[in-house]
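What follows is a set of notes on a single structure, which appears directly below.
The values are calculated or read from the model by the stated rules, or taken from the named source; none is laboratory data. Everything quoted here is computed from the prediction, not taken from an experiment. Quick reminder, even Gly has a Cβ in these numbers, built from the backbone with ideal geometry, and neighbours come from all protein chains shown.
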Amino acid sequence: DTFTACLTWFANRTLGTTLASATDVALSNLSLEVWRSDATTDSLVARSAATYSTTEFLRFTVPQDGAYSLHVVGLDQIYNLALSPTTATSYGLSWQVVPEPDLTCVALIAACGAWAVRRRTRAA
């Protein structure tokens with residue numbers, strides 16, 4: 001199975017009456033982690049931790065079956081020009097798991113294809 005996840009967020013900006021008045025206020029540093037949990041322990045499977053970015057991206061082959069969890073970790077702020085207390089950062093998170101074709105499924109599709117070809121040959 002292939003697992004893909006993307007985390008994205010905005011820098012905190014202010015905008016006046018013109019585009020030239022736009023000012024960057026603060027930028028949070030978030031990271032994206034995937035953990036595998038079993039009955040006794042949790043183990044880190046993958047981490048995306050780019051420092052100067054507003055996007056984290058992961059894609060990997062799932063190493064084994066089990067229970068997995070996504071963690072969004074707020075590490076710190078890259079900058080805070082407002083010198084105000086840190087506030088929560090809104091973010092968007094998407095993920096997808098694409099299963100590998102099962103050998104039984106592949107064999108069944110091949111058998112159906114062979115049956116269809118054979119049936120057409122007999123009909124002709």
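Observations, loosely collected:
Residue-wise test of (1) closer than 18 Å to TYR91 by Cβ; (2) free of Cβ contacts under 8 Å to residues at least 12 places away in the same chain.
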{"position": "VAL25", "(1), (2)": "yes, no"}
{"position": "VAL34", "(1), (2)": "yes, no"}
{"position": "ASP38", "(1), (2)": "no, no"}
{"position": "THR41", "(1), (2)": "no, yes"}
{"position": "SER53", "(1), (2)": "yes, yes"}
{"position": "SER69", "(1), (2)": "yes, no"}
{"position": "ASP76", "(1), (2)": "yes, no"}
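- Criterion (at pLDDT below 85 and of a type in the set (Gly, Ala, Ser)) met by exactly one of SER84, SER94, SER69, SER90: SER84
- Within segment 96-106, not a single residue is more than 20 Å from the chain's Cα centre (by Cα), part of a loop (DSSP other than H, G, I, E, B), exposed (fewer than 10 other Cβ atoms within 10 Å of the Cβ) and among the hydroxyl-bearing types (Ser, Thr, Tyr).
- Per this entry, GLY92 is counted among residues that are in a strand (DSSP E or B) and exposed (fewer than 13 other Cβ atoms within 10 Å of the Cβ).
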